[in-house]
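One structure is given here, and the rest of the page talks about it.
The values are calculated or read from the model by the stated rules, or taken from the named source; none is laboratory data. Fair warning: this is a prediction, and the values are worked out from it, not measured in the lab. Quick reminder, even Gly has a Cβ in these numbers, built from the backbone with ideal geometry, and neighbours come from all protein chains shown. For the accessible areas, the whole protein counts, side chains as well, though only heavy atoms, and no ligand, DNA or RNA atoms are used. Shrake-Rupley method; radii C 1.70, N 1.55, O 1.52, S 1.80 Å.
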Amino acid sequence: MSDFFKILDDHHKAQLPFVIYHKPNAEQVFFHRMNTDKLFRINSFEGSGYVFAPFDLKEKAILFPQKDLESDCIDLSDIDLDELTFEKKEIDKNPNEKQVYLDLLELTLKEISEDENLDKIVTSRQINFHKKDLNVSLLFIRMLKAYPNAMTYIWFHPKVGLWAGATPETLIKLKRNQLQTMALAGTRHKNVIESQPFTEKEKKEQAFVTEQILEALRQTKATDIQTSDLKVAPAGELFHLLTEIQAQIQPENFDAVLKAIHPTPAVCGLPKEKSFNFLLKNENYDRQFYAGFLGELNWKSEKIRSNRQRNQENQVFKSIQKTSDLYVNLRCLSYRENQISLYVGGGITAESQPEDEWEETQNKSQTMLKVL
């Protein structure tokens, strides 16, 4: 294990691009790295590699091309997580921070009340504080311990900075023509989930998210669309409302499907264009890669299969299989020039209460605070 994480720390010290990640409940950790600091920006999602895409796709996504990556993996069971402990963290707060966010929430509620076609806007805020040093391997190990059922990652490029997160939300999984996605909304801390069950307001928000994704799939000619029953799903110390969605798509339509679904109503709002424009105008900070997406894009792997034919020896065939496994970049932070920035937000509808929404962002900020 020590050699694996020494390579990680050395690569970071050398200021070379890398990504290390653990998929929800997986048995392995993957580490991909480049030996050049060249920056590959893409307009379409047809290449193969590890993609890191912003909230606003006008800014272009970044791809670590699979052909240029040196890769290693390690079994999760080989990483000692037993000694790690966590506690609630507090940071020095800007005294105006709460009021600034409450003002944004009031403006958001006013916008919704004046437009009968505007159902939801997902507002967010950035929490900034100074941190001189960041131990990359320790941060990642602490995320593994705290969030085994999330997509935990650290992504770094010297021309962009470092991002890390523990996201509960799948954007898209694609294998051959079988697509899986999810609609996620609502938040409860584990300590209150029984005494304060999800409200009708939150269930309505969940229905908004689900219907928008379904409509995006219909518009891109997806077929055999199916949805699960509404579930209450855990994500670390938080719980969310979840609907799982499956569909069949033509592989050549994947780029269009991805652009139609992103950003989802869970990170933007409904209708998407109105809420998106409101956020760009009024949030007063650049989300960058927060609420964007990341993961394996058209990832190529070799599949070995046998073909038994009558009166012939067994023949072994190798075929290249492409899969995509993408996650929404939530519960995340960025680190550059000795500054940590945390990103948190929540969905606002006509029934939202500003104080409750502020408290929700406080709870969400602990996801990354407690592992720092």
Checklist outcome for this item: For region 135-238, the percent of all C-alpha pairs falling in each 5 Å bin, from 0 up to the bin holding the max distance, is 2, 9, 15, 17, 16, 15, 13, 9, 3, 0
Checklist outcome for this item: From highest to lowest solvent-accessible area (probe 1.4 Å; ligands, DNA and RNA excluded), 119, 9 read 119, 9
Item to check | Euclidean distance of C-alpha centroids, region 13-41 and region 97-153, integer Å | outcome: 24
Next on the checklist: For the chain, what does the helix formula give at 222 nm: sum of -39500 (n - 2.57) over DSSP H segments with n ≥ 4, over the residue count, nearest 500 deg cm²/dmol?
Outcome noted: -8500 deg cm²/dmol
Checklist entry - Taking residue 322 as the anchor, which aspartates and glutamates have their alpha carbon closer than 18 Å to its alpha carbon, excluding any fewer than eight residues away along the same chain? => result 46, 68, 252, 255, 296, 302
Checklist entry - Leaving out ligands, DNA and RNA but keeping every protein chain, what accessible area does residue 10 have, in Å² rounded to the nearest 10, with a 1.4 Å probe? => result 60
Checklist entry - Cα centroids of region 222-261 and region 172-196: how far apart, whole angstrom? => result 9
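Please tell me which of these pairs span more than 21 angstrom C-alpha to C-alpha: 175/203; 203/272; 67/145; 23/120; 13/300?
Details: 175/203 30 Å; 203/272 19 Å; 67/145 31 Å; 23/120 30 Å; 13/300 29 Å.
The answer is 175/203; 67/145; 23/120; 13/300.
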Next on the checklist: At 1.4 Å probe radius, can you tell me the per residue accessible area of region 181-235 in Å²?
Outcome noted: 56
Next on the checklist: Within region 126-166, name every residue whose backbone N is under 16 Å away from a label modeled 7 Å from Cα of residue 6 along the Cβ vector.
Outcome noted: 137-138
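Rounded to the nearest percent, how much of the accessible area of the chain (1.4 Å probe, protein heavy atoms only) is carbon and sulfur?
Exposed carbon and sulfur together represent 44 percent of the surface.
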